[in-house]
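Student: Okay, handing you the structure first.
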Amino acid sequence: MKKKWLLPLLLVLIVSLALAGCADDADDMDDTDTGDTDVKEDVDDAVDDAKDAVDDTADDAEDAVRDMTYEDIKVTPEEAFDKFMELHPDAKVKELEIDKELTEYQYVIEGYDKEKAYEVKLNPVDSNVISDDEEEVDLDDENAEITKDHVAKVDSIIEKAKKEDGSDSELDEWNISVEDGKLVMDVEIGATEYTYDLDTEELIENDM
């Protein structure tokens with residue numbers, strides 16, 4: 001009689017122990033899953049923080065560029081001219097300007113030699129090369145040449161333009177180029193553009 005009830009009792013105990021073991025395994029799995037979830041959340045948070053830091057840095061750089069004025073330019077026109085000549089020693093310069101591309105200032109120098117035309121863009125703060133492009137073109141008609149002596153007149157002509165303007169408007173851009181076979185310099189102050197003969201430094205016209 002005792003053997004008859006002992007076997008079912010043993011079976012009940014074995015099943016109970018098995019169920020308890022499964023429950024413990026499930027708890028362990030839950031703990032592991034919870035741990036993995038916590039790690040994943042930490043990684044996601046770190047990635048988000050890194051992205052925010054990058055965005056903040058980019059915003060700060062953009063603000064710095066947006067706040068840049070002509071007075072922040074460190075590289076002189078003569079230095080920009082020399083940089084172009086270092087890159088293309090056999091070329092002649094036909095155009096040189098300070099261009100405000102959207103919110104960023106840059107030097108743009110165009111030149112040519114017997115075979116190619118070049119366009120170099122420079123950072124006006126540290127003279128680093130932004131781009132240096134070249135192309136093969138028909139240069140038979142090219143005869144314009146801006147010399148370093150011409151470039152040395154830039155500051156003098158800018159001062160003339162400021163006096164002519166007589167306002168507190170900011171100097172935006174200037175450009176040395178050839179118009180009708182004559183070297184001229186255009187200076188933009190506010191809404192007015194002043195055009196000077198580069199050789200004589202005489203005012204040719206102002207265009208509002």
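Student: Could you tell me which of the pairs Lys92/Lys182; Lys160/Lys182; Lys92/Lys162; Lys74/Lys153; Lys153/Lys182 are separated by over 23 angstrom between their Cα atoms in the structure shown?
Tutor: Checking Cα-Cα distances, Lys92/Lys162 exceed 23 Å.
Student: Could you work out the Kirkwood radius for the range 84-208, taking every pair of different alpha carbons, averaging 1/r and inverting it, reported in Å?
Tutor: When all Cα pairs of the range 84-208 are included, the Kirkwood radius is 15.3 Å.
Student: I would also like to ask the following. Around Lys94, which amide H atoms from residues at least 5 apart in sequence, or from another chain, sit under 5 Å from its own amide H, with H modelled in the peptide plane?
Tutor: Sorted by chain and number, the residues that satisfy this are Glu110, Gly111, Tyr112, Ile146.
Student: I would also like to ask the following. Over the range 75-208, give the accessible area per residue in Å² for a 1.4 Å probe, as an integer.
Tutor: Ligands and nucleic acids excluded, the result is 55 Å² per residue.
Student: Pop out the carbon and sulfur fraction of the accessible area of the range 153-208 as a percent, whole number, probe 1.4 Å.
Tutor: 38 percent
The values are calculated or read from the model by the stated rules, or taken from the named source; none is laboratory data. Since the model is a prediction, treat every value here as computed from it, not as a measurement. These area figures cover heavy atoms from the full protein model, side chains too; ligands, DNA and RNA do not enter into them. Shrake-Rupley method; radii C 1.70, N 1.55, O 1.52, S 1.80 Å.
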